1. From the list 99, 55, 64, which one is closer than 18 Å to residue 134 by Cα and part of a strand (DSSP E or B)?
2. Considering each of 115, 137, 100, 132 in turn, give the residue that is under 27 Å from residue 49 (Cα atoms) and surrounded by 15 or more Cβ atoms within 10 Å (Cβ to Cβ).
3. Yes or no: residue 37 in a loop (DSSP other than H, G, I, E, B) and either under 48 Å from the mean Cα position of the chain (by Cα) or at pLDDT 70 or above (or both)?
4. Scan (1) more than 17 Å from residue 134 (Cβ to Cβ); (2) at pLDDT below 90 for the single condition residue 71 breaks and write down its number.
5. Residues to consider are 34, 63, 75; find the one that is surrounded by fewer than 10 Cβ atoms within 10 Å (Cβ to Cβ) and without any contact (Cβ under 8 Å) to a residue 60 or more places away in the chain.
6. The conditions are (1) more than 20 Å from residue 131 (Cβ to Cβ); (2) more than 29 Å from the chain's Cα centre (by Cα), and residue 80 fails exactly one of them. Which is it?
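The values are calculated or read from the model by the stated rules, or taken from the named source; none is laboratory data. What you see is a predicted model; the values in this text were computed from it and never measured. FYI the Cβ positions are ideal-geometry reconstructions off the backbone, even for glycines, and counts take in every protein chain you see.
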């Protein structure tokens with residue numbers, strides 16, 4: 001036996017490191033997690049924008065209800081019975097806010113009060129995105 005030839009009498013040395021399949025599998029798992037995280041962030045931003053629009057709609061509807069309740073006389077409010085008003089409002093460059101004010105008479109069951117309804121739609125694409133405030137006004 002010469003110097004370059006060695007004879008191994010024990011077990012083969014253990015391999016260290018990762019195989020190509022293990023590296024590729026880890027890469028696929030990381031890519032899936034990254035895509036899921038990106039989708040979560042995208043959806044979160046969309047939800048935040050929608051909630052911002054909803055908050056603005058609530059504030060605008062409340063302002064209109066307070067205006068009709070406290071700034072208008074009873075006679076002015078009574079003149080609105082049967083003729084709803086529609087207003088298209090532009091807030092922060094977005095013109096998709098529709099505010100509708102409806103006044104109805106309630107009849108003897110509610111002491112002849114006026115029912116005031118303020119509906120505020122804050123998304124033209126979806127009819128369910130609407131805030132509705134309702135109250136009664138006496139004489």
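1. Details: 55 fails: part of a strand (DSSP E or B); 64 fails: part of a strand (DSSP E or B).
Result: 99 is the single residue among 99, 55, 64 that is closer than 18 Å to residue 134 by Cα and part of a strand (DSSP E or B).
2. None of the others qualify; the one that does is 100.
3. Details: in a loop (DSSP other than H, G, I, E, B): no; either under 48 Å from the mean Cα position of the chain (by Cα) or at pLDDT 70 or above (or both): yes.
So residue 37 does not fit the description; no.
4. The single condition residue 71 does not satisfy is (2).
5. Details: 34 fails: surrounded by fewer than 10 Cβ atoms within 10 Å (Cβ to Cβ); 63 fails: surrounded by fewer than 10 Cβ atoms within 10 Å (Cβ to Cβ).
Matching residue, one of 34, 63, 75: 75.
6. Only one criterion is unmet by residue 80, namely (1).
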